[in-house]
Amino acid sequence: MTAGSRRRSHGPLLAALTALVVAVGCAAGGVGENAPQEPREPAPRQSSRPAAAPSSLEAETTRADGTTSVAEFKSDIADAVTIAERYWAAQFRTSGEQFRPISRIVPYQREGEISCAGQALPRNNAVYCSQGDFIAYDVNWSVSAFRQVGDAFVFYLLGHEYAHGIQVRLGLRANFTIQQELQADCMAGAYLGDSVRDGTLRLDAGDLDEFREGLLAVGDDPDQPWFAEGSHGTAEQRTDWFFRGYERSLDACNLR
Ligand SMILES: [Zn+2]
């Protein structure tokens, strides 16, 4: 849906990508005080791309110039956060509820730099930490996923973690991790699909492939029992739930 053509080639997915297992809200935890806070507003874009109108943020998930700089990554993360905040604020408003955005989005680089519930966060991961109400992600790992899979992956990743914060706000607690995780995938899909439908986000066909590719990379090992703690679902299940939400919005996500 963007005018730009995609020129970035996709490398093979690193095995490290399969480490995108995200703890559903480490139940309690501290927040690293020294972590730089990610900017909340989209950075001004360079190049010939038209600037987004302030009243209706339009984010692109495709880079017409094919570059994959850290600056672009940061800009995408910031856009993804802004769009998620607006999206969920609108959903809450519709239900007559007060919405409180997730308080902090925290990049980290080293193991143990950030902890949640007294547990040091490992590298190659992204989490929503309910204690402290923040999202933390390994920035080096995320940038490498961004370069390998594409920029749409950043929107998925943020959308998934943001959904965990929404689950906490709504008091949604499933019996098994996998239910919580697949619901978060569905909610991430709804946030993205709805944002595309209302024109907040512009995707092109390549971005949908990037979602699929990213979801394939984060599926559980087929041998892992579904009921195991930490199970997120197979690649097939995750893809299925993401696109349920993407196509049918939040009604598909069993929020009630
Ligand atoms: Zn998760």
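The values are calculated or read from the model by the stated rules, or taken from the named source; none is laboratory data. As the structure is a prediction and not an experimental result, all values here were calculated from the model. Here the Cβ is made from the backbone with ideal geometry for all residues, glycine too, and neighbour counts use every protein chain on show.
General remarks:
- Sole exception among (1) more than 11 Å from the ligand (Cβ to nearest atom); (2) farther than 24 Å from Glu236 by Cβ for Ile135, by number: (1)
- Some residue of the range 115-133 being among the hydroxyl-bearing types (Ser, Thr, Tyr), in contact with a helix residue (DSSP H, G or I) (Cβ under 9 Å, 6 or more places away or on another chain) and in a helix (DSSP H, G or I): no
- A single entry from Ile135, Ile83 fulfils the requirement of being in contact (Cβ under 8 Å) with a residue 60 or more places away in the chain, closer than 22 Å to Leu182 by Cα and under 13 Å from the mean Cα position of the chain (by Cα): Ile83.
- Scanning the range 110-128 for residues that are basic (Lys, Arg) and surrounded by 15 or more Cβ atoms within 10 Å (Cβ to Cβ) gives a single hit, Arg123.
- Residue check, Ala174 at pLDDT below 95, buried (at least 24 other Cβ atoms within 10 Å of the Cβ) and more than 11 Å from the ligand (Cβ to nearest atom): no
- Taking the range 87-109 as the range and being in a helix (DSSP H, G or I) and either hydrophobic (A, V, I, L, M, F, W, C) or surrounded by 17 or more Cβ atoms within 10 Å (Cβ to Cβ) (or both) as the test, the residues that pass are Tyr87, Trp88, Ala89, Ala90, Gln91, Phe92.
- The combined condition, being within 16 Å of the ligand (Cβ to nearest atom) and within 17 Å of the chain's Cα centre (by Cα), is not fulfilled by Phe146.
- Of note, Gln224 satisfies the criterion of being outside any helix (DSSP H, G or I) and polar (S, T, N, Q).
- Residue among Thr177, Thr239, Thr234 that is within 25 Å of Pro107 (Cα to Cα), hydroxyl-bearing (Ser, Thr, Tyr) and in contact with a Gly (Cβ under 9 Å, 6 or more places away or on another chain): Thr177
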